[in-house]
Structures are given as C-alpha cells and as structure tokens.
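Visitor: The structure under discussion is supplied below as structure tokens; questions concerning it will follow.
The values are calculated or read from the model by the stated rules, or taken from the named source; none is laboratory data. Keep in mind that this is a model prediction, so the values were computed, not measured. Every residue, glycine among them, receives a Cβ derived from its backbone with ideal geometry; neighbour counts consider all protein chains shown.
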Amino acid sequence: MIWEILGLILAIIVVAVLFKVFRNIVGLVVNAVIGVVILWLLNLLLTPPVAINIWSILISAIGGIAGVIIVIVLHFLGIAF
C-alpha cells in the first residue's frame, strides 16, 4: 500500500517537472523562431542588408526580438555584421 502511494506521488512530481520544462522549451523555441524570422524580414528591407551568418542567427535566436535589435544596431553602427 505504501509503495503505491509513493509511486503515485513520484509520478505526479515527474509529470509536474516535465510539464514545467516542456513549457519553457516551447517558449524558447517560439522566441528563437520569431527572432530569426524578424531578422530575415528586416534583411529584405534594409540597404545594405545585414549579413546573415552563424553569429547573427545565434544572437537573434537566443535573444528573440531584443537580439534582432542588437544585431540591427550593431549593423548600423558598423561594429559588426
């Protein structure tokens, strides 16, 4: 009897932890996709276009919209990209 209760409690804890981790991962993936898509769309409008390389994609994917703003500002200042 006690083992079934402990197993049920353990299963509830595992499901709660997995739900929290999965929710965070989905949010990060959505943020990364939005950042890269915005970078690509802005690249179509800017003259001269931002160089799309591994660094600009990583900054945009990790930072999302804020990362895209950083890449664009660095591009306009002539510091990078």
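Visitor: Could you tell me whether any residue of region 24-44 is more than 14 Å from the chain's Cα centre (by Cα) and of a type in the set (Val, Ile, Thr)?
Guide: No - not one qualifying residue is present in region 24-44.
Visitor: Now, a different point. Applying the selection to region 38-71, what residues are surrounded by fewer than 12 Cβ atoms within 10 Å (Cβ to Cβ), of a type in the set (Val, Ile, Thr) and modelled with pLDDT of 90 or more?
Guide: Selection gives Ile54 alone.
Visitor: On to the next question. One residue is enough: does region 57-74 have a residue meeting the conditions among the aliphatic types (A, V, I, L, M) and not in a helix (DSSP H, G or I)?
Guide: no
Visitor: So if I check each of Ala32, Ala16, which one is in contact (Cβ under 8 Å) with a residue 24 or more places away in the chain and surrounded by 10 or more Cβ atoms within 10 Å (Cβ to Cβ)?
Guide: So the residue among Ala32, Ala16 that is in contact (Cβ under 8 Å) with a residue 24 or more places away in the chain and surrounded by 10 or more Cβ atoms within 10 Å (Cβ to Cβ) is Ala32.
Visitor: Continuing with the same structure: Just checking, does region 52-72 include any residue being on the phi > 0 side of the Ramachandran plot and out of contact with any Asp or Glu (no Cβ under 8 Å at 6 or more places or on another chain)?
Guide: Yes: one or more hits.
Visitor: Now, a different point. Checking Ala80 against (1) surrounded by 10 or more Cβ atoms within 10 Å (Cβ to Cβ); (2) in a helix (DSSP H, G or I), which single condition isn't satisfied?
Guide: Evaluating Ala80 over (1) surrounded by 10 or more Cβ atoms within 10 Å (Cβ to Cβ); (2) in a helix (DSSP H, G or I) leaves (2) as the failure.
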